[in-house]
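Asks: I'd like to ask you about the structure that follows.
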Amino acid sequence: MDCGKSTMALQMNYNHARQGRRGIVLTRIDRSLGPQVTTRIGLAHEAIEVTDDLDLRALVRGRWADGERVDYLICDEACFYSVEHVEQMAELVDCYDVDVFAFGLASDFRSELFPAARRLFELADEVARIQVEVLCWCGREGQLNARIVDGKVAREGAQVVIGDTVDHGDVRYQVLCRRHHRTGDLGPVRA
């Protein structure tokens, strides 16, 4: 959505690691399609890909069993995790004193909450919007991430489809204010 979520996730990891804390960086369905967190401004960091069968508690306990300390998790693209993963995150915080920082979108292209995002909102100790100002083409605050297919705002389809914010490609995403998301107005054609 061009709002700096992944950049903030990598900055958070850097800040904690710099203070001697040990963490694990995780992601699911990163735009690179690889086991890494990537940003549109060119930053990248290797990560563990969160799959449906990955148990975050077992991952942390396995590291501890190998003598490795784990103080925190950085969970990028957390909106694509399962609700069970969110429950595991809460258990790691409450029962194992592992800090968990989750980054992701709240809602999908239809402006409906992702199931994992909903559960994160219900369980999180703190929820904060990223401070990078994201704008619609009209200058209003960009609130929604529209899926653009064949030059039009899509209203139906699978909840998760990989795309980017670039102007080419079969599927892309564009940040819009609520008004323009509702009307499907993508603004003036860019040169």
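The values are calculated or read from the model by the stated rules, or taken from the named source; none is laboratory data. Only a predicted model underlies this, so the values are computations on that prediction, with no experimental measurement involved. Positions of Cβ are generated from backbone atoms using ideal geometry, with glycine treated the same way; all protein chains shown enter the neighbour counts.
Asks: Would you point out the residue of region 37-90, among those that are aromatic (Phe, Trp, Tyr) and over 18 Å from Arg21 (Cβ atoms), that is surrounded by the most Cβ atoms within 10 Å (Cβ to Cβ)?
Replies: Going through the qualifying residues, I end up with Tyr81.
Asks: Output the qualifying pairs, or none if there are none: Cβ atoms under 9 angstrom, residues six or more apart or on different chains, first residue in region 46-74 and closer than 14 Å to Asp99 by Cα, second residue surrounded by 13 or more Cβ atoms within 10 Å (Cβ to Cβ) and acidic (Asp, Glu).
Replies: Leu56/Glu91; Arg57/Glu91; Asp71/Asp99; Tyr72/Asp99; Leu73/Asp99
Asks: Next question, about the same structure. Regarding region 120-140, can at least one residue be identified that is surrounded by 11 or more Cβ atoms within 10 Å (Cβ to Cβ) and in contact with a Leu (Cβ under 6 Å, 6 or more places away or on another chain)?
Replies: yes
Asks: Going through Ala117, Ala102 one at a time, which residue ends up being assigned by TED's automatic domain parsing to the domain that holds Thr51, hydrophobic (A, V, I, L, M, F, W, C), surrounded by 20 or more Cβ atoms within 10 Å (Cβ to Cβ) and in contact with a Ser or Thr (Cβ under 9 Å, 6 or more places away or on another chain)?
Replies: Result: Ala117 is the single residue among Ala117, Ala102 that is assigned by TED's automatic domain parsing to the domain that holds Thr51, hydrophobic (A, V, I, L, M, F, W, C), surrounded by 20 or more Cβ atoms within 10 Å (Cβ to Cβ) and in contact with a Ser or Thr (Cβ under 9 Å, 6 or more places away or on another chain).
Asks: Within region 88-106, track down each residue that is without any contact (Cβ under 8 Å) to a residue 60 or more places away in the chain and in contact with a Lys or Arg (Cβ under 7 Å, 6 or more places away or on another chain).
Replies: Gln88, Glu91, Leu92 - these are the residues of region 88-106 that are without any contact (Cβ under 8 Å) to a residue 60 or more places away in the chain and in contact with a Lys or Arg (Cβ under 7 Å, 6 or more places away or on another chain).
Asks: Among Glu68, Glu87, Glu49, Glu91, which is at pLDDT 90 or above, of a type in the set (Asp, Glu) and within 15 Å of the chain's Cα centre (by Cα)?
Replies: Glu49
Asks: Does Val189 satisfy the criteria of being in contact with a helix residue (DSSP H, G or I) (Cβ under 8 Å, 6 or more places away or on another chain), outside any strand (DSSP E or B) and at pLDDT below 85?
Replies: no
Asks: Based on what the data block shows, is Cys79 under 29 Å from His180 (Cα atoms), assigned by TED's automatic domain parsing to the domain that holds Asn13 and not charged (D, E, K, R)?
Replies: Yes; evaluated as a whole, the condition is true for this residue.
Asks: Counting just the residues of region 1-46 that are touching a Phe, Trp or Tyr at 6+ places or on another chain (Cβ under 7 Å) and within 18 Å of Arg69 (Cβ to Cβ), which one comes out modelled with the lowest pLDDT?
Replies: Checking each candidate, the answer is Met12.
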